[in-house]
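Presented below is the structure to which this report refers.
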Amino acid sequence: MTVPTDIAIAYLIQGSFYGHSIYATINMDTWRKDSAVMVVHHIITLALISFSYAFRYHNVGILVLFLHDINDVLLEFTKLNVYLKSRGGGNHLLNDVLSNMGSVSFSITWFWFRLYWFPLKVLYATCVSSIQSVPSIPFYFFFNALLFALLLMNIYWFLVSTLRNPVFKCLHSRHPCRSLCFMLFSSAPCSSL
């Protein structure tokens, strides 16, 4: 089976991006707490791109790329508005609102695409449906192990971002502002009480 040209081009672009991301995360970016996980994520993704192209599993591969990359649009939009809201020595309300809306949208789509649709559609298809229809799939365990590693990293990042969220910290503290009604209807920030 030949890979269609548009999918081959998408694979080339994505493979190039993740290859550069490995280099950039190690040598150019500021090292953060989750940088090691990010490097592993990029290595696994590059391996999945390369091997799914080589073994003609591109139908599943393009779905995995879509489900993971759709969030990056909202992430970059949010980051752009975060940087623009305090430009020129002043605060810009429109960029502040857009960054908050982008942050909420990013969180929702992250959960929806990476933690709901990815396991429901991709992992179910590759782990259950594929083995039922073709019992001797080449590299079945290799690909599924890499896909499960991606899922575990997505869960890790979701939990880390949730636990670092100020609303989550406020709700789980012994502070009087933990009441959701108080947080929603009070103008005082939780940290000032």
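The conditions are (1) over 30 Å from THR45 (Cα atoms); (2) modelled with pLDDT of 50 or more; (3) over 22 Å from the mean Cα position of the chain (by Cα); (4) among the hydrophobic types (A, V, I, L, M, F, W, C), and VAL167 fails exactly one of them. Which is it?
(3)
For the subset of segment 56-104 comprising residues that are in a loop (DSSP other than H, G, I, E, B) and free of Cβ contacts under 8 Å to residues at least 40 places away in the same chain, which member is surrounded by the fewest Cβ atoms within 10 Å (Cβ to Cβ)? Steps first, please.
So in segment 56-104, the residues in a loop (DSSP other than H, G, I, E, B) come out as 56-57, 85-86, 90-92.
Within this subset, residues satisfying the condition of being free of Cβ contacts under 8 Å to residues at least 40 places away in the same chain are 85-86, 90-92.
Working: LYS85: 18, SER86: 12, GLY90: 8, ASN91: 10, HIS92: 15.
So the residue we want is GLY90.
Mind counting the residues in segment 36-55 that are without any contact (Cβ under 8 Å) to a residue 40 or more places away in the chain and either surrounded by 16 or more Cβ atoms within 10 Å (Cβ to Cβ) or among the β-branched types (Val, Ile, Thr) (or both)? Explain how you work it out, then say what you get.
Narrowing segment 36-55 to residues without any contact (Cβ under 8 Å) to a residue 40 or more places away in the chain: 36, 38-39, 42-43, 46, 49-50, 54.
Those left that are additionally either surrounded by 16 or more Cβ atoms within 10 Å (Cβ to Cβ) or among the β-branched types (Val, Ile, Thr) (or both): 38-39, 42-43, 46, 49.
Number satisfying all stated conditions: 6.
Anything in segment 14-30 that is surrounded by 12 or more Cβ atoms within 10 Å (Cβ to Cβ) and among the β-branched types (Val, Ile, Thr)? List them, or say none.
ILE22, THR25, ILE26
LYS33 versus (1) surrounded by 13 or more Cβ atoms within 10 Å (Cβ to Cβ); (2) within 18 Å of the chain's Cα centre (by Cα): which is the lone unmet condition?
(1)
Does SER50 fit the bill of being among the polar types (S, T, N, Q), farther than 14 Å from ARG114 by Cα and under 15 Å from the mean Cα position of the chain (by Cα)? Step through it out loud before you land on a result.
On the way: among the polar types (S, T, N, Q): yes; farther than 14 Å from ARG114 by Cα: yes; under 15 Å from the mean Cα position of the chain (by Cα): no.
It is false that SER50 is among the polar types (S, T, N, Q), farther than 14 Å from ARG114 by Cα and under 15 Å from the mean Cα position of the chain (by Cα).
The values are calculated or read from the model by the stated rules, or taken from the named source; none is laboratory data. For clarity, every value in this text was computed on a predicted model and none was experimentally measured. FYI the Cβ positions are ideal-geometry reconstructions off the backbone, even for glycines, and counts take in every protein chain you see.
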